Amino acid sequence: MKSLLKKKITDKELKIICSQISNMTKSGCDIILIFQTLIKTSSPNTSRTLSLVKRYLESGKTLAESFYMTNRFSNFFLSMVRVGEMSGKIEYIFEKLSKYYDREASVKSKLISASIYPVILIIASVVVFNFMLLFVVPNFEGLFQMDDIILPRSTRIIFFLSKFMRKNFIPILLSFIAIVCILIKWIKENYKIKRWFDRIKFDIPKIKKLNYIIIADKFSRSMSILSGSGINIGESIDISTKILDNTYVDSRMKIAREYIKRGNSVTKSLKMTKLFPEIFTSMLLSGEESGTFDTSLENISSYYEKELDSELDKMMKLIEPLLIVVMGIIIGSMMILILSPMFDVISRIS
């Protein structure tokens, strides 16, 4: 049964589930009745998971255990539900989780929106390039069959590529798709490659800044909920680090955990990782010294939410014209390579 439920529940679905559980619990609804309602109003995939949760609840399992046994929910989610059951504040916990997953869905939506246009332009460039090789170049090729025309090497290469593509288009396309799929799987399963990829995100100037902002935003949001729910600081950092899902960040956060074990403050320990901007640590230090640690984390999250929106807008303004220029250079260069010999022929005739 579990093998059928590998598809993860989206952040948007989790937001709705948590919001409904919070509101219905506040109204005094029985937990089984809540899940009966959720099952009816959810998508088929989510309904199957919630049906399992309901079945485990009816067998005497706790809510946290029931969610855990479906193998569909994150450690962060399970830890929060466990804390809610232990503290008797389950409606408050689900309300916080609803806001958290609402923000997660919003951030992912913005990142996808920011990447759609560049991806479309890249795909368009590849399609146009191949269209020219398959359909445009052959029309010019017959014009240069005269014995006395010596074509430049670059033009001969274009004609060779065109012939090769026309003869082997299907095998090339299938091979390309297979190679891409193999590479994606290999990158996901190879820890060294994933670590290198995670690390390089912090070396590319614009991407580096964006990653730091995302980390500050996501880490502060999860830490705010976890620490505010009574989970000890060490466990909160561990769970928040796993949510970031970055091997390089995980290796840096080990430094913070070691410093905290030695009795150092949370702010100083996080500063030693060199993952968080100066504004982040300054705001956190203020909250730690004044006893408003959880409030400071919420304020940090709000600040970096605006910073993330601003940075994504700046990136889009930079990437759009850059990719258009690159696309123009690729197509323009090909046309020059094809047409320049034609101009030579015309000049000879005249």
Report the Stokes-Einstein translational diffusion coefficient (µm² s⁻¹, integer) for the chain, Rh taken as the Kirkwood radius over Cα pairs, at 20 °C with viscosity 1.002 mPa s. 87 µm²/s
Note on the chain: contact order normalised by length, alpha-carbon pairs under 8 Å, 6 or more apart, percent, works out to 18 percent
To the nearest 0.05, the calculated FRET efficiency linking Ser286 and Asp245 through their beta-carbon distance, R0 being 41 Å, is 0.90
Report the calculated FRET efficiency for Lys209 and Ile184 (r = Cβ-Cβ distance, R0 = 22 Å), to the nearest 0.05. 0.25
Just want the ordering: Phe67, Phe176, from fewest to most Cβ atoms lying within 10 Å of their own Cβ. Phe176, Phe67
What Kirkwood hydrodynamic radius do you get for the range 13-159 when you take the inverse of the mean 1/r over all pairs of distinct Cα atoms, in Å? 19.8 Å
Under the definition of Cα pairs under 8 Å and six or more residues apart, what whole-number percent is the relative contact order of the range 200-350? 26 percent
Ordered by fewest other Cβ atoms within 10 Å, a rough proxy for footprinting exposure, Leu33, Leu308, Leu270 read Leu33, Leu308, Leu270
Take the alpha carbon atoms of the range 130-259, find their radius of gyration, then divide it by 2.2 N^0.38 Å using N residues; give the quotient. 1.86
Determine the gain in length on full extension of the stretch Ala124-Ser43; use 0.36 nm per residue of separation and subtract their C-alpha separation, reporting nm with one decimal. 25.7 nm
For Lys99, project a label point 7 Å along Cα to C-beta. Then give me every residue of the range 294-334 with its amide nitrogen under 20 Å of that point. 294-309
Magnitude of the Cβ-charge dipole of the range 47-121, K/R +1 and D/E -1, about the Cα centre, nearest 20 debye? 140 debye
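Once R0 is set to 35 Å, what does the formula 1/(1 + (r/R0)^6) return for the Cβ-Cβ distance between Lys274 and Leu318, expressed as a FRET efficiency to the nearest 0.05?
0.85
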What does the highest-first list of 253-263, 276-286, 182-192 look like by mean Cβ count within 10 Å? 276-286, 253-263, 182-192
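Values in this text are rule-based calculations from the coordinates and carry no lab data. Just so it is clear, the model here is predicted, and its values are computed rather than measured. We place every Cβ from the backbone using ideal geometry, glycine too, and count neighbours over all the protein chains shown.
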